[in-house]
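Structure record follows, encoded as structure tokens.
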Amino acid sequence: MNDNEERPVTIITGRVRRSKAGGWEGVHVLLAAPDDDTAVRTALTALTREGYAEAELDQIGDIEGEPEEEPHLSAWQGALEGEVSIVMVKDER
């Protein structure tokens, strides 16, 4: 990748909970990382910092293009700027 190319934004989907006995909440974590392993480690660190005791991560992939709707648009923009963005979503399991 050269300096003129945008880094892809990685999205990790899964569930989190604040305590072992608590209920699960759906989550999407958006970030820029050089590889999947780094993305997962960075996402887990960010979730821990936000007070989540457990996480189950289901899928990881790159977002193709700019999302059309909030809150993913702002999260995607934050990821391009080097932030780890956590979006809570309805858990559809």
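Nothing in this text is a laboratory measurement; each read-out follows from the coordinates by a stated rule. Predicted, not measured: the structure shown is a model, and the values here were computed from it. Here the Cβ is made from the backbone with ideal geometry for all residues, glycine too, and neighbour counts use every protein chain on show.
For semi-axes √(5λ) of the Cα gyration tensor in Å, the value calculated from this model appears in (i) 24, 14, 11; (ii) 19, 15, 13; (iii) 23, 19, 12 under label (i). Between residue 68 and residue 53, 0.36 nm times their residue separation minus their Cα-Cα distance comes to what? Full-extension gain reported as 2.3 nm.
Only one residue of 45, 19, 89 has its Cα farthest out toward the positive end of the dipole of the stretch 9-89, where Lys and Arg carry +1 and Asp and Glu -1 on Cβ, and that residue is 19. Maximal additional length on extending the residue 7-residue 37 stretch stands at 9.2 nm, based on 0.36 nm per residue less the C-alpha distance.
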